[in-house]
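Peer 1: Before we start, here is the structure in question, set down as structure tokens.
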Amino acid sequence: MTSEKGPSTGDPTLRRRIEPWEFDIFYDPRELRKEACLLYEIKWGMSPKIWRSSGKNTTNHVEVNFIEKLTSERRFHSSISCSITWFLSWSPCWECSQAIREFLSQHPGVTLVIYVARLFWHTDQQNRQGLRDLVNSGVTIQIMRASEYYHCWRNFVNYPPGEEAHWPRYPPLWMMLYALELHCIILSLPPCLKISRRWQNHLTFFRLHLQNCHYQMIPPHILLATGLIQPSVTWR
């Protein structure tokens, strides 16, 4: 049932919510926007309460800003236990991946799950290795799907009255293509996704360059989801 009002005025997260237009320009997987945005949730220990807020790039990337802000709090120490979920408009670069790993190594009680709308300079080998290192360190990294977009809209966006269920519906194919490339990264396969931008009309083009190794190592259900293979294909 759709609410007739926007977020409640008594909602403690109201002042930390972003505007609908901000969510749209930052998290549209078709847009290669330079700036990055981070929406995050923190659950402390066994407490059922969830702290939510957001951050953007400054002189540092949003990931570094988050780490510096969290570790500067008086109550935060190396033995603290908490689970953190990030919703990033761009995946971490290799330097941020290194900073995240250092942070987690110093705080073994912290778990981190990262959802990303887009992959940042995904053909750069250092960035690819950085994401692999995060996964090998126990970080969960996934591409945002419709369910994550809806979750963010409900919990992080100051949506207008009556617009609770009117979150942006982005084409699933873009999400599937990024998920395919993320699998290539994790499996140490060469890039298969090529992205280019025509600046005169601001259109983003995705092209696939699959090699034999991709077909051999990528889970069949991922290829099926993108429509690259048919269910009748025989795997050897």
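The values are calculated or read from the model by the stated rules, or taken from the named source; none is laboratory data. Keep in mind that this is a model prediction, so the values were computed, not measured. Note that each Cβ is placed from the backbone with ideal geometry, even for glycine, and that neighbours are counted across all protein chains shown. When the accessible area is computed, the model is the full protein with side chains, heavy atoms only, and any ligands, DNA or RNA have been set aside. Shrake-Rupley method; radii C 1.70, N 1.55, O 1.52, S 1.80 Å.
Peer 1: Over its Cα atoms, what ratio of radius of gyration to 2.2 N^0.38 Å does segment 20-170 give?
Peer 2: Taking N as the residue count of segment 20-170, the ratio is 1.04.
Peer 1: Positive end of the charge dipole of the chain (Lys, Arg +1 and Asp, Glu -1 on Cβ, about the Cα centre): tell me which of 99, 120, 222 has its Cα farthest that way.
Peer 2: Of the candidates, 222 comes out farthest on the positive side.
Peer 1: Something else: Quote the FRET efficiency, to the nearest 0.05, computed for residue 44 versus residue 16 with a Förster distance R0 of 25 Å and r equal to the Cβ-Cβ distance.
Peer 2: That pair, residue 44 with residue 16, gives E of 0.90.
Peer 1: Give the accessible area for residue 226 in Å² (nearest 10); use a 1.4 Å probe, count only protein heavy atoms, and leave out ligands, DNA and RNA.
Peer 2: Approximately 20 Å² of residue 226 is accessible to the 1.4 Å probe.
Peer 1: Could you give the accessible area per residue of the chain, probe 1.4 Å, as a whole number in Å²? Let's see the in-between values first.
Peer 2: Details: 12990 Å² over 236 residues.
Here the residues of the chain average 55 Å² of exposed surface.
Peer 1: What accessible surface, in Å², does a 1.4 Å probe find on residue 194, ignoring ligands, DNA and RNA and rounding to the nearest 10?
Peer 2: 80
Peer 1: What's the magnitude of the charge dipole for the chain around its Cα centre, counting Lys and Arg as +1 and Asp and Glu as -1 at the beta-carbon? Answer in Debye, nearest 20.
Peer 2: 180
Peer 1: Expected output is a single nm value to one decimal: the length gained when fully extending between residue 53 and residue 212, i.e. 0.36 nm times separation in residues minus the C-alpha distance. What is it?
Peer 2: So the extension gain works out to 52.9 nm.
Peer 1: Taking all protein chains in place and a 1.4 Å probe, what share, in percent, of the accessible surface of the chain do carbon and sulfur account for?
Peer 2: In the chain, the share of accessible area belonging to carbon and sulfur is 54 percent.
Peer 1: Report the accessible area of residue 131, computed with a 1.4 Å probe over the heavy atoms of all protein chains in place, in Å² rounded to the nearest 10.
Peer 2: 10
Peer 1: Quick check: with the 1.4 Å probe, what order do 176, 217, 144, 46 take by accessible area, largest first?
Peer 2: I get 46, 217, 176, 144, largest accessible area first.
Peer 1: How large is the direction-averaged shadow of the alpha-carbon convex hull of segment 129-208, in nm²? Mind showing how you got there, number by number?
Peer 2: Details: hull surface 29.6 nm².
The orientation-averaged projected area of the Cα hull of segment 129-208 comes to 7.4 nm².
Peer 1: Next up: Just to verify a number: FRET efficiency for residue 204 and residue 76, C-beta to C-beta distance, R0 = 35 Å, to 0.05?
Peer 2: 0.35
Peer 1: I've got another one for you. Which net charge results for the neighbourhood of residue 103, defined as the other residues with beta-carbon distances under 11 angstrom from its beta-carbon, given Lys and Arg at +1 and Asp and Glu at -1? If you can, show how the numbers build up before the last one.
Peer 2: Working: positive: 101; negative: 63, 68, 102.
Local charge sum for residue 103: -2.
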